[in-house]
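> Submitted below is the structure of interest, expressed as structure tokens.
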Amino acid sequence: MKGRVKIKTLSVKFGGINRNEFIDYFLKIGGTLEDDEKIKGPFWEATVGPHTHSEYKALKIQNVLVSIAVEEDKFDGFIAAFQLNFLRCGG
């Protein structure tokens, strides 16, 4: 992601999903691990933060902040595929 390419970003805090699932997803779609948190792909970069926890009544919920930067012309499709992959339904 160099030069004058416009970049769009998205940061989302996910609850109840292990951070390794995000890292595995980004590696599966062609990314390379730059360090413990950053993964770079051909037109995107993602940062998968450390686990944090929040509490709701008696529940302790694991949270992960995921930040994604994508070339503007590819952003909508990339984010749609990402969100579909991490769609969860309660039951």
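Any read-out appearing in this document is the output of simple, stated calculations on the displayed coordinates, not a laboratory observation. Bear in mind that the values here come from a model prediction, so they are computed numbers and not experimental data. Positions of Cβ are generated from backbone atoms using ideal geometry, with glycine treated the same way; all protein chains shown enter the neighbour counts.
> Which residue is farthest from Leu10 (Cα to Cα), if the candidates are limited to the range 35-66 and must be small (Gly, Ala, Ser) and in contact (Cβ under 8 Å) with a residue 12 or more places away in the chain?
Only one residue fits best here, namely Ser54.
> I would also like to ask the following. If you go through the range 13-28 one residue at a time, do you hit one that is part of a strand (DSSP E or B) and surrounded by fewer than 16 Cβ atoms within 10 Å (Cβ to Cβ)?
Looking for residues that are part of a strand (DSSP E or B) and surrounded by fewer than 16 Cβ atoms within 10 Å (Cβ to Cβ), one finds at least one in the range 13-28, hence yes.
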